[in-house]
Amino acid sequence: MFVAGFVTGTLAGWPLADRLAFAGLTAALSVQEFGGSLSAPGWAEIGAWWRRVGCAQGQDPAALRRYEFLTDLTPPGPARPWPLRRAVPTIGFRRSA
């Protein structure tokens, strides 16, 4: 996911610091779920994370500034519940040991 986030930022023409922050964020969000590509965050999940972090008490202002670029990129308004409930991968889970 890190590379996918980095390539997304590169294709969008973002500054290097924003690309690295976005790549790290997408990778961090993806490892919270099981399932490889099933765990890849979409814009809705990224937006939900950003809104949730922005409202949390005691956040480091410098850390919030680092991700301010997400404000214009993520969908506005109410988001789907986060974390998003994902499909359960089934390949290889029914084998006998």
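Read-outs: derived from the displayed coordinates by stated rules, not from any lab. Quick caveat: nothing in here was measured; it's all calculated off a predicted structure. Every residue, glycine as well, gets a Cβ built from its backbone with ideal geometry; the counts of neighbours run over all protein chains shown.
General observations
- Other residues with beta-carbon under 10 Å from the beta-carbon of THR74 carry, at +1 per Lys or Arg and -1 per Asp or Glu, a net charge of -1.
- Fully extended contour minus Cα-Cα distance, from VAL7 to TRP43, at 0.36 nm per residue: 11.5 nm
- Averaging 1/r over each pair of different alpha-carbon atoms in region 2-70 and inverting the result gives 12.6 Å, the Kirkwood hydrodynamic radius.
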